[in-house]
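Presented below is the structure to which this report refers.
The values are calculated or read from the model by the stated rules, or taken from the named source; none is laboratory data. Small disclaimer: the values here were computed from a predicted structure and weren't measured. Cβ atoms come from the backbone with ideal geometry, glycine included; neighbour counts cover every protein chain shown.
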């Protein structure tokens, strides 16, 4: 199936506002703007209130786990009511969060409570929400469209930190929080107006028979657990090296400046991974594309384990490609395997598993490094996990294939209950 055919061009001409709005929404949503600017304020909050980095990162971990648990429920809500109302609430909560941060007075407990509560309200601006209209709007070029949408998060990761850092230096950290709130207030409504134009109607989407079988009792299905295990293992194997990449290279004798420059390749590779994988899955069977990416990533990490800093660029590209591919793949495979009638719930379950793996990965890698005095064991463990994932994707069922015997049995049980 080619993403370059006439029908793909017609999709783009008809639904470019949806794609543009979803990309803006994802870029200014809860997975991008607050996440990629949070680190810029840590020193400011330490100096202003005496809070420690351990305390702040602990609250961040608690927020991550809360989002992971809430993701399936948020997705089910989007399936029932759409995303416009929840996204409007989410952008209002995100702006309120930035305003609140600008007025902090030093209560860490209050900060934690407000942070967790607003994080739940901000779920309407997450990728669970903004990949939904894109999946409805696009079929022939769905993969590339999802890559562009999630690529908005990567673009924000590159653009926001230097701008916000300059604002903090010039106008102070409280003013920077207010500027972020203003950006959300402007961008949020623009995103929703664009997404709302010619938005596809979920009620008009008929699900194939294979999809209906998988939805009967999805959590009891081997396919569901194959996907959960795959995405958790990818997150555990790769995500933590985003945090540990510079320390790993400096431990190997590279200067901090050199290591930082190499680490910059991560961001480039993430963006290439998102767009490239999105384009490829429109042309070839998506699990096979995923298997190829994971095999390449495993090879890159193995080269880094064997050659150290001499293969730093290879390692950076490997980590970036895998991180860039994963969120796209979750959205694409969810839509292809489970259709759109329950897309939000199924995506929320898989995304929640991915978030847990992403949050745990830096800690697990740090434990292994502390015990071994080297990052090599963690690298080899990651290579092993990615090898398992490669096999899982290579043996994945076709999108239109009937359910397996196990799936049919689970479906019958679910229908009876």
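Numbers for the structure displayed
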| item | result |
| --- | --- |
| Of all residues in region 1-38 being more than 30 Å from residue 175 (Cβ to Cβ), in contact with a helix residue (DSSP H, G or I) (Cβ under 8 Å, 6 or more places away or on another chain) and assigned to a loop (DSSP other than H, G, I, E, B), the one that is modelled with the lowest pLDDT | 2 |
| Number of positions in region 135-144 that are farther than 21 Å from residue 320 by Cβ and in a helix (DSSP H, G or I) | 4 |
| Unique match (being touching a helix residue (DSSP H, G or I) at 6+ places or on another chain (Cβ under 6 Å), in a helix (DSSP H, G or I) and either within 24 Å of residue 272 (Cβ to Cβ) or not assigned by TED's automatic domain parsing to the domain that holds residue 281 (or both)) among 348, 324 | 324 |
| Breaking point among (1) at pLDDT 90 or above; (2) touching a helix residue (DSSP H, G or I) at 6+ places or on another chain (Cβ under 8 Å), for residue 186 | (2) |
| Residues of region 106-134 that turn out to be at pLDDT below 90 and not in a helix (DSSP H, G or I), as a count | 2 |
| Criterion (part of a helix (DSSP H, G or I), touching a residue at least 12 places away in the same chain (Cβ under 8 Å) and over 24 Å from residue 171 (Cα atoms)) met by exactly one of 95, 71, 58 | 71 |
